[in-house]
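The next block holds one structure in the form of structure tokens; read it before the comments.
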Amino acid sequence: MNVHTTEDSSSGHHGTSPTEPPRPAVVGRAGPRAVTGEDPALRAAYRLCRRLTRREDPVQYALIQLVPGALRPACWALWAAANAVDDLADDRGATADERAARVEAWITGLDQDLAAGAGTDPVRHALVDTALRWDLDLGGLRGALEVVRDDTAGRVFADWAAWRAWGRGNLLPWFERVRELFDRAGVPVALRLDHLDGYERFLDGFRLTDILTDLAADLAQGDLLLPREALERFPGAEEDLLGGRWSEAVAGLTAELTALGRRWVTQPRLTHGMHPGPATVLDTMAGLLTAQLDAVEAAGPTLLRTAPRPRPAAVARVLVPARLRSALAWRLTPLTIPPHRPRAGVPRATAPAVLAPDSRPSTTALRPPPAHPSGIRPPRIPADRMPRHVAIIMDGNGRWAEQRGLPRHAGHRAGVRALHETVHGALEVGLRHLTVYAFSTENWKRDSEEVGALLQAMREELDDDPYGELDVRLRWAGKPDRLPADLMEALRRREHATRTRGGLTLTVCVDYGGRDEITRASAALARAARAGEIDPDRIGEGDFARHLPDPDLPDVDLLWRTGKEWRLSNFLPWHSAYAELYFTDHAWPDVERHHLWEALVAYGERRRRLGAASPPGRPAARPRQG
């Protein structure tokens, strides 16, 4: 994409001098020099990142020019780092094993540079400074860098689902770091959770545009980074592409993919409610991607020989008004600029890092759950009789409170303690997945005071972070559009902070409804079919499961409900199709960890036939436990 831009002329020095105590500076505007400081080596590293960005990706450079000057060096460093690793993986002068080793060496070098607080490689030096200065979590980049390393062995995608997982795994962590950067500068980029699918589709459009643009270069190396599912719709297209032949099948495939890319990147609602600065960047990116897709479609047979470029006039129509809008937006926005970075030798414990999977910061300081005051210990349950996923309907909170002459919301607060006990018991016994029904789509019908108390209890629970030192990955499932924005943001922060933990995955269902979940999955499938991503006549259970709002939530093995009720209440109907059901009479606030263990033991005594003959020696347990 050929975009000519001029050098940025913004200037001005803000922040602290080396002799002043470090403190953030709140400024209206600040140029790149104000952030890179006076260290000659560091300034040279950032200048190199800027030159690389401008020379190798003018469009990305033009987009970075739309952000405040103080944030541009960090953006250059992030882009240059991603590109440096891509270049190592794409060097066809080396074997696949050599390229993979070079990428791994680059990752190891970044580990070492982060530990030292500086680096000898200029691009990593700028990236380390960016991470330390802006307190960015580079741990999230581990997966993206590993995707690039594994790409050296070649990629083949059976369907769109595999293709999307690859593309998002490579792109999303880098976009998340840019979001973090804006957050640290005092301009949160609040992504509406009810539009998350749209944001991910936007990234899919970004990736698809990039693949179509670089089709000639990839084919010259023997790579065809398109899913077989798309290629099979045009018989002969794959063979023609690999043979470098333009044909009717290739033309049809190209037309369909460019139309698909346009739908993915053209989503105006994604910026609704967003700060006008980041919104302008996202809208401009969509406009430039559309211009690039127009160039791809107009290229015809030359697409197989060279990368198409959009017309300068088309690019100007997007960039000129964007520059005016962004200048106004940032002129009215004060930014928080961090002090100069720590000196070399920063201890690893205080520095963000890209660590090996077995030693990430989110798991090194974790402790076991507290023991029960009575000293009870979990039972020994054979692995083949331990459920992988337990779901709980935590019922009886309000009735528990009323029986004690207390307001209903007091029962919900008592239920929080019961949840803590259950999580501790799950950790002790080695359960992998626990999902709890905290607030249903029907709970909005309750008294407004009770609803308010429920939501407030959730906020306090997230603020207190009772599982912060435990090996618990916290996730959220439900419908986001009716929940308060601050609660949604708190849930998102906890999900992000615990995403690498490998012990218990605790999924909290808030404003969740099973029928709503199935309806949303059906709508997603219909959109995919309309977009040509899936054949309606070939839709199977796996396709439906992949389009659920939380496709990686495993099937439920044991569903437990407290409170003397024998209903499923619209809870996880898809995931619980083969679940063992377990009902108990006691109200949820009375639950202790040993009640969970009793449920697990009862599960182990059940006959799990799943349509087959009964396994020998497994007596049936009672369907109800009191």
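So here's what we get for this one:
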item: One residue from Ala81, Ala105, Ala70 being in contact with a strand residue (DSSP E or B) (Cβ under 6 Å, 6 or more places away or on another chain), at pLDDT 85 or above and not assigned by TED's automatic domain parsing to the domain that holds Asp223; result: Ala70
item: Condition met for Gly502 (assigned to a loop (DSSP other than H, G, I, E, B) and either touching a Cys at 6+ places or on another chain (Cβ under 7 Å) or without any contact (Cβ under 8 Å) to a residue 60 or more places away in the chain (or both)); result: no
item: From Leu568, Leu596, residue being assigned to a loop (DSSP other than H, G, I, E, B) and farther than 26 Å from Ala230 by Cα; result: Leu568
item: Those residues of region 446-458 which are touching a helix residue (DSSP H, G or I) at 6+ places or on another chain (Cβ under 9 Å) and either modelled with pLDDT under 85 or in a helix (DSSP H, G or I) (or both), in sequence order; result: Asp447, Glu449, Glu450, Val451, Gly452, Ala453, Leu454, Leu455, Gln456, Ala457, Met458
item: Residue within region 357-374 that is in the same structural domain as Thr505 (by TED's automatic domain parsing), over 31 Å from the mean Cα position of the chain (by Cα) and at pLDDT 90 or above present; result: no
item: Residue match in region 116-127 (condition: more than 27 Å from Asp218 (Cα to Cα), at pLDDT below 85 and hydroxyl-bearing (Ser, Thr, Tyr)); result: yes
item: Condition met for Arg269 (surrounded by fewer than 17 Cβ atoms within 10 Å (Cβ to Cβ), among the basic types (Lys, Arg) and in a helix (DSSP H, G or I)); result: yes
item: Flag for Asp471 being in contact with a Lys or Arg (Cβ under 6 Å, 6 or more places away or on another chain), farther than 18 Å from Pro369 by Cα, of a type in the set (Asp, Glu) and modelled with pLDDT of 85 or more; result: no
item: First in region 594-605 and among the small types (Gly, Ala, Ser), second anywhere and in a helix (DSSP H, G or I), Cβ under 8 Å, 6 or more apart; result: Gly604/Arg385
item: Hey, Thr284 more than 28 Å from the chain's Cα centre (by Cα) and modelled with pLDDT of 90 or more or not; result: no
item: Where Glu461 falls short, out of the listed (1) within 16 Å of the chain's Cα centre (by Cα); (2) part of a helix (DSSP H, G or I); result: (1)
item: Single residue of region 397-441 satisfying the filter (of a type in the set (A, V, I, L, M, F, W, C) and farther than 24 Å from Gly503 by Cα) that is surrounded by the fewest Cβ atoms within 10 Å (Cβ to Cβ); result: Leu406
item: Members of region 522-531 that are touching a residue at least 24 places away in the same chain (Cβ under 8 Å) and touching a helix residue (DSSP H, G or I) at 6+ places or on another chain (Cβ under 6 Å); result: Ala531
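Here is a yes/no grid of residues against (1) of a type in the set (Phe, Trp, Tyr); (2) surrounded by fewer than 20 Cβ atoms within 10 Å (Cβ to Cβ); (3) in contact with a Phe, Trp or Tyr (Cβ under 6 Å, 6 or more places away or on another chain); (4) assigned by TED's automatic domain parsing to the domain that holds Met488:
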residue: Phe175; (1), (2), (3), (4): yes, yes, no, no
residue: Leu181; (1), (2), (3), (4): no, no, yes, no
residue: Gly205; (1), (2), (3), (4): no, no, yes, no
residue: Leu208; (1), (2), (3), (4): no, no, no, no
residue: Gly252; (1), (2), (3), (4): no, yes, yes, no
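The values are calculated or read from the model by the stated rules, or taken from the named source; none is laboratory data. Every value quoted in this text rests on a predicted model; they were computed, and no experiment measured them. Reconstructed Cβ throughout: ideal geometry from the backbone, glycine too, with neighbour counts over all protein chains shown.
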